[in-house]
Every structure is written in structure tokens, then in C-alpha cells.
Amino acid sequence: MFYNVAKAYSIEDLRRAAQRRLPRAVFDFFDGGAEDEVTLCDNMAAFRRARLMPEILNDVSRIDTKTIILGAPSALPMAIAPTGAVGFGWRGGDIAIARAAVAAGIPYTLSSTATASIEQIADAAPGRLWFQAYILRNKPFLDKLIARALAADYEALMITVDLPVGGKRERDYRNDFSIPFGFTLKNMLDFGTHPAWLSDIIRYGMPVMENLIGLEAQATSSTAIASSVGRNYDASFNWDSLKKIRDAWPRKLIVKGVLNPLDASRLAYMGCDALVVSNHGGRQLDGAVATFDALPAVVAAVHGRIPVLLDGGVRRGSDVVKALATGAQGVLLGRATLFGAACAGEAGASRALSILKDELVRTMQLCGARSTEEINAKLLFNATEYLERPEQAVKYAAA
Ligand code: FNR
């Protein structure tokens, strides 16, 4: 029952393979968004609305996808976004994605709610590692997590700021994937009709959110831990609290979940090292602006003081080109590698990265951009510039 990843030609192929392998409740937890999923869909639609304006007759026989992300080299303008509970889709899925990231030469972000610990990832995938922290009300516990990331030599701390409370994800409610996890007749039938997934769970048990063990003394099972996380987000977290984290953390600090240019500007001036334009993949505030639509104003607002990264809806190499052309230093991949891992572990996560790399290279060649530095605003079709100012072309005639 192994999926041949070579037969996946797009991220959508990997998504469908994950859908076939996983119980509906688990697939929907990965795939779904908040409420009407307007923002989830719009993240992808925003990329689709943008059009490229290629340059012709450049020698594109050699393409260089290397770039600098957060002050250090990355083989691709991509990094892995933090995703929790990956082990519910594929046992060891976090390590699988982290190893695929190391092999591809890109940074990997470990989620607070991952099913692998800070130390396990550092041992299994010693590459560029970032640790994502949710703000928990239990401050000593949060401090310990951050100290562990420092001790394990994580390069950066990423604070997610778009989750003061959990989003309303209705697919999860309908599938009884709500918290606490409910073993109802409906989801028992769902599990029973996905034997590949179920046999693993029967053999090894439910995965555990490794970093949150001990968050509540009585929380030992995965379901109890998951439910305790929901109760433990700190909705009172504010600018002063962020400043304290900034002052205490000696390495790079990334803030994830920024859409508003005024917030972006404030972060740039308060000493953050990077920000991620993100709406949590449409899983939090439904109706929030698509990340690609929010990007130009954020880029303008930070005035180049800090790098701007983006996540949400990246499913094609051309999406990466569009984000870079708009001023992002790189993109983070959430579901793309998650779907890959959920259908075939490390081979699937690697396949997701190689599909995106292949598409990126091809798009750069077709656009006439030989390196990531050559990806700029000229590659985006802008009707005002091209349709309303034909005199631009006359310059060449005169030259
Ligand atoms: C996430 N995301 C997320 N973000 C975060 O800061 N901490 C986390 O633990 C998680 N967990 C998580 C689980 C799952 C199943 C998904 C799909 C997403 C959000 C993630 O980091 C990223 O912002 C989005 O996934 C980006 O959108 P795409 O690439 O999935 O469209």
C-alpha cells in the first residue's frame, strides 16, 4: 500500500494521495481552514490572480536558485513552516519533513505542537533549525521550551502572533476531530476504512505532542495534551510581552502572522529580525486578507529594514516567483510538504520540495530570470504600466 511518489507531478497530486490514505478527520484537520474557508481559498486565488510578464532572449541555460534567508544561505528561497500534529498523518512525519529540508538545503521550523521533540529534531536533522513558539499562559513552561531550543542550538525563535485563541475550524467539529478528541461511531468507521493508517495506530498508539508533555500535570495522552493546548493560549499577549521575549532571546527572532503594514513597521523598528506575512494558512481569522495581497504594503512599510517572508497558498514554483517579485525574501511551505509527508513520509516531503524546485527553475527560465536576484517587480504584469504607458516602448525604438 505504498504510494509511488514519482507518480505525483504537482502538490495537488500529493494532496489527493494524502486524502486517499488518511481518515477523513485527519485529512480535513490538515487541509481545512476556519469557518467558510474564504481566506484559505483566497491565499491560493491571490497567486492565481497575479500574472507574470516574462523577459525573452536572456541566456537561461544556467539557473541559480540559491539565496540568503535570514542572513544565511539557503539552496532555495523556501523554508518549512511550522505545522503541529504531523505525526497523526504519518508516524515520524516531523522528522521526515525536517530531513527532507536538510537534504534540500533549506531551513526547517519545528512547531510547539509537533509530534517530535526539540532535541529529537536537532539530532535527526541537523540543518538550519528554527523553533516556533505559541504563547502559552504557563510562562515557566514556555520559558523552558525556549531555553531548550537555545540549548539545542536552534538558530531562530519564531513567535506566532495570530493565535490568541484557536480559529473556528468547522470541518474538525463535524468530523468529531474537535478537542477533546472524540472516539465516536462516526470516526471509528472513518478510521476503520483506512487500514494503512489504522494498523500503524494500533501497533504504536496515538502520537504525542512531545514538546507539551508536562504542560498540565494530568495531561499524558495525546488527546488530553491537545485539549490542554487549546485552553492554554495566552490571549493577553501584547507588544510589551513580545519586547520581553525579544530582549531575552539572544538569537534571531521571527514574528509570524503579520498582515497589517503598521504592525510590520512597528516590528521592524522594535528589533525583530524578520517577519512572516501569514494568516495561518486560513485557519484562524476567516475573511482575513490573502497573504499575497497583503505583501506589497508590508514590504513598503518595513523599508528594507528586515526581511519579509510569506506563507499561505504556495503550491507552485510560479507562486514563489510571484512572492519574490513582490519583495519577499522567501516563502514558507505549510501544507505542500505536509501533504507529501502524509502520503509517503520523507520520500513524500522530498518529492514536494523537488516538484516546487523543478517548477521554480522552469518558471525562472521561462521568465528570463537567471538568479533569485533577477526576480523583481518587472516580472509581474502591471496593467497600468504596460497598457497605459505605451511611450515606454518608444524609448527602445529611439535607442
Ligand atoms: C499549521 N500552522 C501552524 N503555524 C504555527 O505557527 N504553529 C503551528 O503549530 C501550526 N500548525 C499547523 C498545522 C497544520 C495542519 C497546518 C495546515 C498549518 C500554519 C502554518 O505554519 C502556515 O502558516 C500555513 O500552513 C501556511 O499556509 P499553507 O502553505 O498551508 O497554505
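The values are calculated or read from the model by the stated rules, or taken from the named source; none is laboratory data. Values in this document were obtained by computation on a predicted structure and should not be read as measured data. Glycine gets a Cβ as well: all are built from the backbone with ideal geometry, and neighbour counts include every protein chain shown.
Structure notes:
- Every residue from the range 21-48 that is closer than 19 Å to D311 by Cα, touching a residue at least 40 places away in the same chain (Cβ under 8 Å) and not small (G, A, S): F29, F30, D31, E37, V38, T39, L40, C41, D42, N43, M44, F47
- Total residues in the range 268-297, condition assigned to a helix (DSSP H, G or I), more than 12 Å from the ligand (Cβ to nearest atom) and touching a residue at least 60 places away in the same chain (Cβ under 8 Å): 1
- Residue in the range 340-359 that is assigned to a loop (DSSP other than H, G, I, E, B), crowded, with 19+ Cβ neighbours inside 10 Å, at negative phi and touching a residue at least 24 places away in the same chain (Cβ under 8 Å) present: no
- Scanning the range 298-337 for residues that are near the ligand (Cβ under 10 Å from one of its atoms) and part of a helix (DSSP H, G or I) returns D319, R335, A336, T337.
- Per-region count, the range 252-267, residues in contact (Cβ under 8 Å) with a residue 12 or more places away in the chain and part of a helix (DSSP H, G or I): 6
- Test for N58: is it of a type in the set (S, T, N, Q), more than 30 Å from G205 (Cα to Cα) and surrounded by fewer than 24 Cβ atoms within 10 Å (Cβ to Cβ): yes
- Some residue of the range 252-262 being touching a Gly at 6+ places or on another chain (Cβ under 9 Å) and surrounded by fewer than 24 Cβ atoms within 10 Å (Cβ to Cβ): yes
- Among the residues making up the range 229-251, those that are in a helix (DSSP H, G or I) and closer than 19 Å to L163 by Cα are V229, G230, R231, N232, W239, D240, S241, L242, K243, K244, I245, R246.
- Any hit, the range 159-173, residues being more than 24 Å from G92 (Cα to Cα) and free of Cβ contacts under 8 Å to residues at least 60 places away in the same chain: yes
- Residue in the range 77-92 that is more than 12 Å from the ligand (Cβ to nearest atom), farther than 30 Å from G167 by Cα and modelled with pLDDT of 95 or more present: no
- Residue match in the range 118-131 (condition: surrounded by fewer than 21 Cβ atoms within 10 Å (Cβ to Cβ) and touching a Gly at 6+ places or on another chain (Cβ under 7 Å)): no
- Number of residues in the range 37-71 that are of a type in the set (A, V, I, L, M, F, W, C), away from the ligand (no atom under 16 Å from the Cβ) and either more than 23 Å from the chain's Cα centre (by Cα) or part of a helix (DSSP H, G or I) (or both) equals 6.
- Only listed residue being within 12 Å of the ligand (Cβ to nearest atom) and within 19 Å of L215 (Cα to Cα), chosen from I159, I118, I146: I159
- For the range 9-36, residues that are assigned to a loop (DSSP other than H, G, I, E, B) and over 17 Å from the mean Cα position of the chain (by Cα) total 6.
- Filter result (touching a residue at least 60 places away in the same chain (Cβ under 8 Å), surrounded by 21 or more Cβ atoms within 10 Å (Cβ to Cβ) and more than 17 Å from S278 (Cα to Cα)) within the range 146-158: Y154, A156
- Scanning the range 13-49 for residues that are surrounded by fewer than 20 Cβ atoms within 10 Å (Cβ to Cβ) and under 27 Å from P296 (Cβ atoms) yields E35, D36, E37, V38, C41, M44, A45, R48, R49.
- Residue match in the range 282-290 (condition: over 20 Å from F30 (Cα atoms) and more than 13 Å from the chain's Cα centre (by Cα)): yes
- Meets criteria (among the hydroxyl-bearing types (S, T, Y), surrounded by fewer than 17 Cβ atoms within 10 Å (Cβ to Cβ) and at pLDDT 95 or above) for S241: yes
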